[in-house]
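The numbers here are math on the coordinates, done by the rules we state, and not lab data. On a predicted model such as this, the values are computed, not experimentally measured, just so you know. We place every Cβ from the backbone using ideal geometry, glycine too, and count neighbours over all the protein chains shown.
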Amino acid sequence: QVQLVESGGGLVQPGGSLRLSCAASGSTFRTYAMGWYRQAPGQQRELVAHITSLGNTYYADYVKGRFTISRDNGRSTVYLQMNSLKPEDTAVYYCNTAPTRWVWGQGTQVTVSS
């Protein structure tokens with residue numbers, strides 16, 4: 001059973017930056033496309049960005065040009081660099097395969113507020 005551990009969230013002012021990390025246990029990480037998802041209060045979880053096993057990246061329109069997803073297969077870790085953050089980016093952020101296969105981790109809270 002793969003375990004996912006997200007970290008790096010916090011409180012940041014509008015326009016600020018955060019870098020999220022997600023470490024996955026197990027040796028199959030490198031074979032899967034990985035995604036970052038987010039869930040705001042009262043809303044469904046949505047896919048923000050994903051990266052294929054070959055490193056191709058895809059982004060939701062509302063984060064294009066602001067967020068960058070990357071992966072380190074040697075560390076079984078996927079990252080999300082978030083710049084120019086907006087209050088509407090406030091949510092709990094999760095990682096998982098894309099499409100989802102593994103049990104969700106606890107997520108990491110990102111709050112964008114002045």
Report summary line: Toy charge model, Lys and Arg Cβ at +1, Asp and Glu Cβ at -1: the stretch 1-75 dipole around Cα centroid in debye, rounded to 20, equals 100 debye
Query - Label-zone membership for the stretch 50-90, site residue 39, 7 angstrom Cα→C-beta point, backbone N under 18 Å - result: 89-90
Requested in this report: Mind listing the long-range amide H neighbours of residue 90? Cut-off is under 5 Å, sequence gap 5 or more, other chains count too, H placed in the peptide plane at 1.01 Å from N.
Outcome: 112
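Order 56-69, 84-97, 16-29 from most to least packed using the mean count of other Cβ atoms within 10 Å.
Numbers: 56-69: 14.4, 84-97: 19.1, 16-29: 16.7.
Ranking the peptides 56-69, 84-97, 16-29 by packing returns 84-97, 16-29, 56-69.
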Report task. Post the alpha-carbon centroid distance, the stretch 94-114 to the stretch 14-50, in whole angstrom. Result -> 5 Å
**Report entry** Local electrostatic count, residue 41, Cβ distance below 14 Å [Lys/Arg +1, Asp/Glu -1]
**Finding:** -1
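Can you give me the relative contact order of the chain as a percent, contacts being Cα pairs under 8 Å and 6 or more apart?
38 percent
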Requested in this report: Could you work out how far apart the two model spin labels at residue 53 and residue 5 are, taking each label as a point 7 Å from the Cα in the direction of the beta carbon, and quote it in nm?
Outcome: 2.5 nm
